[in-house]
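Trainee: Right, I'll just put the structure down here and ask away after.
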Amino acid sequence: MSAQAKPGSALLLAIVIGALAADQLTKYAVEKFTPPGSERVLIPRFLNLLHTSNPGVAFGLFAGSANPWKPALLIGFSVLVIAMLVWLLATDRAGGPLGRCGIALILGGAAGNVLDRFSRHSVTDFIDFYVGRFHWYTFNIADSAIVVGAALVVLELFRDGSQRTQVRA
């Protein structure tokens, strides 16, 4: 018996590779053409390019930890998450179309950040976004893919819930 590709698997693979490639290409450009710590205003009072390095996790958590096991633990956890996401997609347990696309974006983003951790023991961030006094932590394309992917998964969950409610009524 031969294994057949599931419908839409080529699109999901393209989403994963696209998110990963966009992340790595933008990080490469930032690292090559801007010195660490440099800041360039792209849209005044809204968006800057700020070359930073995050040795911690999201929002800089654990960045100051001197634990020698930190890089290995962060990489190990990331690899486990990536394996779970691959399993969800491969076993067709990622939900409907929005959920599958969301999981693919999360997978591409997670792979981009784990590649940074393998090669540098930190993640390159460069998007500095703010509105008025509200200022986000500096992030990258991988982080954006993860957030958009999570939003798609949540949207799918809400959509499925409303469809189940309509069926029962």
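Trainee: Between A21 and A72, what's the calculated FRET efficiency when r is the beta-carbon distance and R0 is 45 Å? Round to 0.05.
Mentor: Calculated value: 0.95.
Trainee: Using a 10 Å cut-off on Cβ atoms, rank the peptides 124-135, 142-153, 14-25 from the highest mean neighbour count down. Please report the intermediate quantities before stating the final value.
Mentor: Numbers: 124-135: 14.8, 142-153: 20.2, 14-25: 18.0.
The peptides rank, most packed first, as 142-153, 14-25, 124-135.
Trainee: Hey, quick one: spin label on L11, modelled 7 Å out along Cα-Cβ, who in segment 92-117 has an amide N within reach, i.e. under 19 Å?
Mentor: 92-109
Trainee: Please work out how much length the chain gains when fully extended from H121 to L155, using 0.36 nm per residue of separation minus the C-alpha to C-alpha distance, in nm with one decimal.
Mentor: That pair, H121 and L155, stretches by 8.9 nm at full extension.
Trainee: 7 Å from Cα along Cα→Cβ at both T34 and H135: what's the point-to-point distance in nm?
Mentor: 1.5 nm
The numbers here are math on the coordinates, done by the rules we state, and not lab data. The structure displayed is predicted, hence computed values, not measured ones. Don't worry about glycine lacking a Cβ; one is built from the backbone with ideal geometry, like all the others, and counts go over all protein chains shown.
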